[in-house]
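Written out below as structure tokens is the structure these notes cover.
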Amino acid sequence: MDTPVNKKKLSLKEKYSYLTRDLAWEPSYQSKEDLFPYATYEGIKVHDWEKWEDPFRLTMDAYWKYQAEKERKFYAIIDAFAQNNGHLKITDARYLSALKIFLQAISPGEYAAHKGFARAGREFPGVGPQVACQMQAIDEIRHAQTQIHAMSNYNKFYSGFHAFADQRDRIWYTSVARSFFDDAMSAGPFEFMIAIGFSFEYVLTNLLFVPFMSGAAYNGDMSTVTFGFSAQSDEARHMTLGLECIKFMLEQDPANVPIVQKWIDKWFWRGFRVLGLVSTMMDYMLPKRVMSWREAWNIYGEENGGALFNDLARYGIRPPKGWADAGEAVDHMSHQFMLALYQWNFGTAFHTWIPSDEDMEWLSKKYPDTFDKYYRPRWEHIKKMDEAGTPFNNFGLAKLCQTCQLPTVFTEPGDPSTLCHRETEYKGETYQFCSDHCCDIFNEEPEKYIQAWLPMPALFQDPLNGDLEAWMKWVSLENGSDNGDYQGSHDQTSFQKWRAMTTSN
Amino acid sequence: MQIDLRTVSIEPVRKTFDHLARRFGDKPASRYQEGSYDIQAAENLHYRPTWDPDQELYDPNLSRIRMKDWYDLKDPRQFYYSTYTLARSRQQENMEANFAFVEARGLQDMLPVDLKETALNLLVPLRHAAWGANQNNALVCGYGFGVVFTQPCMYHAMDNLGISQYLSRIGLLLGGTEALEQGKDTWMNDSAWQSLRRYVEDTMVIRDPFEVFVAQNVVLDGLLYPIVYERLVDTYLASQGGQAVAMLTQFMTNWFTESKKWTTGVLKVAAAESPENAQVLAEWINLWSDRAVSALLPIVNTVVDERVDEMVSEELDAFRARIAKTGVPL
């Protein structure tokens, strides 16, 4: 028998290092440049990948064990939800508009993140970030799938869910989120990490993920909120990865600071525009509201974000350039965007509606400086037209911002009565923008943004040529069922009928 | 005996999502179908990658393999995240029990000295090969086309990482950190291992996702796992008193048996798509299996002295017979 090996006790950190970064080696049959061809072109300098601090230490056996535990619970609950008509426990079927937007615009983003992190998990020449990115890659496909599974039961009973895969690629408002993720994925691995890992997962998660999932909890949506709880610990891991990434880049070389700052400026504003969808949900679409968009911004934007950027100041990082304009826009954006969604609701695969008197009271309380002054009169006007039997629809072509892809419905900073438009010329073509920040983003990388696919012009080009009916068919929109006002919709009548079946005889 | 609970039954207005109804007919879809088909953006992609403007963001033309529909390459195991993690979680429970069994009885210290030495020399350098496999599968997932083909590659990449971690734990258990250092030195410098390392590095610069899939998952794993784990560990070492080692590599043996159903399934569909595909696959498999065999021979030789050529060529024959059944004309 051999003498027992003299094994020194390894610390957790040392052990994890043996189980991850020690697996790699210095290649000699191929060059590092050929193995990791995309690691340098963005200009980020990394001198020592060993300086990477693992944001979490999770070996695969532990990962399988914990995740399987969560999966078991999740599917047990959504099975019970389906079996027991859980959809009738929601506050009101108006709530489903928020879910429809989520499935059409956000869940595809989870898949894109999966793909992007798989790429980052291959392209970084350091094992530490590679392993962390790979774990996020597999988590993100989990999120895409569990979201689809959580909402699949709603699709069996309600409109607007059935064509999410088609609408992801074709309908106009999803291109706001799609272009965001396409933008991140077409960037290099470092910018991708600032875009998704840092800006999206760290700075904006609390303004996107939390409101949607809290909205689900407040409105009795057992299925979606179960997804939310199940994904919470994954999200926490993703946040620590995003933060470690930015710190690592900033610490490696001072020359990285201005590059990172530019990305923060860009991705904060890109993300803030995507949040336009969330703001309408929080202020208008939830029958039982969690908090106003303004309140959410105060907590998760001003306070948390403020603390974060104070912390990053020691590296020479300042808050994103659009920060102050964003803070001001928060009092307007949900109203401006919801008015736009309402007037174009013939072209949305979710319902909108005119806020009730009670809703307007709430809005006026939450937005004392802006709602009564600027937005109540417009809703009152729309309401009057509706009562007169001439509902307000805008069949005109909305100008879309070349960068963020939202219709240019937002107002000038400091002047809520003037619409904000910017234009720039590039190689003889004119491009439209919703704001200075979107225009600046374009000017940094015009060759990228001139490629943007704009869904509105597509309606007026061959083969649709402005034929609205053909367009609806092309985006798989069932006219009269998926779109339009909630009042009188199938969703409304079915929900009332079914609910009555389960509560009376 | 049967009891029937009564529930309020509401007739669904629709059975499934449009894209699934188009593929599978208007009937309820499985969770594998819901979570896998068409969830990748398919048209109106916004920008070309700045890292390679010749590519599309999702680009089927990165490969010489051509498919009319990449969603034909489905996973016969029907793994989506949930079924995958549940399967692996059961396997890791077994592995935990196996490690605990060996450690509680001190079986690692009862192994004959030279057998332990042999096991360490064979298994520990392979943790690096498994990391190479992880890199390759991350690439196939990242740049391959169509979710049903690429999602199992992500699972496979994580499996490769898990395997490299089990191999590291075996090294630590049998020989401490010195064993890992020794194993890395072997991987880097021992002449018997250099062809394998070269194989791995050479596959890591390929950017055709399907060729990487073939060179790594079909060919290298298709030869390495039966030779190393079935022949050398489970048969040879076990017969010399190394059953404990075989307990510690049980995951790898079972994993290979399970995952070759997937790899051969994919191969079969890709080959049946067109004679051109079948030809490209044959070319890749011939090229890489020649190299894999010559990379594995010297490694087998460090474990056994006799019948080395015979053992390897038997495994090669078995491999070629398995491939022949997929319709690839070798």
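Quick rundown of the values:
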quantity	calculated
Residue A:416 surrounded by 13 or more Cβ atoms within 10 Å (Cβ to Cβ), farther than 27 Å from residue A:181 by Cα and in contact with a Ser or Thr (Cβ under 8 Å, 6 or more places away or on another chain)	yes
Which listed residue is under 30 Å from residue A:501 (Cβ atoms), without any contact (Cβ under 8 Å) to a residue 24 or more places away in the chain and either among the hydrophobic types (A, V, I, L, M, F, W, C) or part of a helix (DSSP H, G or I) (or both), from A:118, A:150, A:76	A:76
Residue B:139 facing chain A (nearest Cβ under 8 Å) and touching a residue at least 40 places away in the same chain (Cβ under 8 Å)	yes
Residues being buried (at least 17 other Cβ atoms within 10 Å of the Cβ) and within 35 Å of the chain's Cα centre (by Cα) - total across segment A:13-22	5
Answer residue from segment A:310-320, given it is more than 20 Å from the chain's Cα centre (by Cα) and part of a loop (DSSP other than H, G, I, E, B) and is farthest from residue A:253 (Cα to Cα) among those	A:319
Every pair of residues 6+ apart whose Cβ atoms lie under 8 Å, when the first sits in segment B:186-211 and is facing chain A (nearest Cβ under 8 Å) and closer than 30 Å to residue B:67 by Cβ while the second is surrounded by fewer than 16 Cβ atoms within 10 Å (Cβ to Cβ) and not aromatic (Phe, Trp, Tyr)	B:201/A:28; B:201/A:30; B:202/A:30; B:204/A:30; B:205/A:30; B:205/A:34
Out of A:213, A:222, sole residue that is more than 30 Å from residue A:39 (Cα to Cα), free of Cβ contacts under 8 Å to residues at least 24 places away in the same chain and aliphatic (A, V, I, L, M)	A:213
Residues located in segment A:222-269, provided they are more than 20 Å from the chain's Cα centre (by Cα) and of a type in the set (D, E, K, R)	A:244, A:247, A:251, A:253, A:262
Residue that is nearest to residue A:68 (Cα to Cα) [pool: residues in segment B:132-177 that are among the aromatic types (Phe, Trp, Tyr) and touching a Phe, Trp or Tyr at 6+ places or on another chain (Cβ under 8 Å)]	B:155
One residue from A:448, A:399, A:383, A:427 being more than 27 Å from residue A:271 (Cβ to Cβ) and surrounded by 16 or more Cβ atoms within 10 Å (Cβ to Cβ)	A:383
Failed item in (1) under 16 Å from residue B:116 (Cα atoms); (2) within 11 Å of chain A (Cβ to nearest Cβ), with residue B:243 passing the rest	(2)
Unique match (being facing chain B (nearest Cβ under 8 Å), touching a Gly at 6+ places or on another chain (Cβ under 7 Å) and over 30 Å from residue A:175 (Cβ atoms)) among A:54, A:61, A:34	A:61
Failed item in (1) crowded, with 16+ Cβ neighbours inside 10 Å; (2) more than 13 Å from chain B (Cβ to nearest Cβ); (3) over 16 Å from residue A:400 (Cβ atoms), with residue A:471 passing the rest	(3)
Unique match (being more than 10 Å from chain B (Cβ to nearest Cβ) and modelled with pLDDT of 95 or more) among A:152, A:107, A:97, A:159	A:97
Hits in segment A:394-420 - residues which are under 17 Å from residue A:322 (Cβ atoms) and in contact with a Cys (Cβ under 8 Å, 6 or more places away or on another chain)	A:401, A:402, A:403, A:404, A:406, A:408, A:410, A:411, A:412, A:413, A:420
Some residue of segment B:114-129 being facing chain A (nearest Cβ under 8 Å), free of Cβ contacts under 8 Å to residues at least 12 places away in the same chain and surrounded by fewer than 18 Cβ atoms within 10 Å (Cβ to Cβ)	no
Conditions (1) surrounded by 24 or more Cβ atoms within 10 Å (Cβ to Cβ); (2) closer than 24 Å to residue A:132 by Cβ: number failed by residue A:219	(2)
Spans of helices (runs of 4 or more DSSP H) in segment A:164-213 with at least 1 residues more than 10 Å from every other protein chain (Cβ to nearest Cβ)	A:174-185, A:189-192
Extreme residue, surrounded by the fewest Cβ atoms within 10 Å (Cβ to Cβ), among residues of segment B:44-74 that are within 13 Å of chain A (Cβ to nearest Cβ), assigned to a loop (DSSP other than H, G, I, E, B) and touching a residue at least 40 places away in the same chain (Cβ under 8 Å)	B:59
Qualifying residue in segment B:23-43 (condition: assigned to a loop (DSSP other than H, G, I, E, B), within 29 Å of residue A:189 (Cα to Cα) and over 29 Å from the mean Cα position of the chain (by Cα))	yes
Wholly within segment A:412-505, strands (runs of 3 or more DSSP E) carrying at least 1 residues that are touching a helix residue (DSSP H, G or I) at 6+ places or on another chain (Cβ under 9 Å), closer than 20 Å to residue A:344 by Cα and modelled with pLDDT of 95 or more	A:429-433
Tally of residues being touching a residue at least 60 places away in the same chain (Cβ under 8 Å) and within 12 Å of residue A:335 (Cα to Cα) across segment A:279-292	7
Any hit, segment B:102-110, residues being surrounded by fewer than 19 Cβ atoms within 10 Å (Cβ to Cβ) and not in a helix (DSSP H, G or I)	yes
Number of positions in segment B:188-217 that are of a type outside the set (Asp, Glu), surrounded by fewer than 22 Cβ atoms within 10 Å (Cβ to Cβ) and outside any loop (DSSP other than H, G, I, E, B)	7
Failed item in (1) part of a loop (DSSP other than H, G, I, E, B); (2) within 11 Å of another protein chain (Cβ to nearest Cβ); (3) polar (S, T, N, Q); (4) surrounded by fewer than 20 Cβ atoms within 10 Å (Cβ to Cβ), with residue B:91 passing the rest	(1)
Long-range neighbours under 9 Å by Cβ, at least six apart or interchain, first residue within 18 Å of residue A:493 (Cα to Cα) within segment B:1-15, second of a type in the set (D, E, K, R)	B:12/A:156; B:13/A:156; B:14/A:156; B:14/B:26
Top-ranked residue in segment A:147-198 [being out of contact with any Lys or Arg (no Cβ under 6 Å at 6 or more places or on another chain) and β-branched (Val, Ile, Thr); ranked as surrounded by the fewest Cβ atoms within 10 Å (Cβ to Cβ)]	A:176
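Table: residues versus (1) out of contact with any Asp or Glu (no Cβ under 7 Å at 6 or more places or on another chain); (2) small (Gly, Ala, Ser).
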| position | (1), (2) |
| --- | --- |
| A:36 | no, no |
| A:46 | yes, no |
| A:49 | yes, no |
| A:63 | yes, no |
| A:81 | yes, no |
| A:85 | yes, no |
| A:97 | yes, yes |
| A:108 | yes, no |
| A:120 | yes, yes |
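The values are calculated or read from the model by the stated rules, or taken from the named source; none is laboratory data. Bear in mind that the values here come from a model prediction, so they are computed numbers and not experimental data. Don't worry about glycine lacking a Cβ; one is built from the backbone with ideal geometry, like all the others, and counts go over all protein chains shown.
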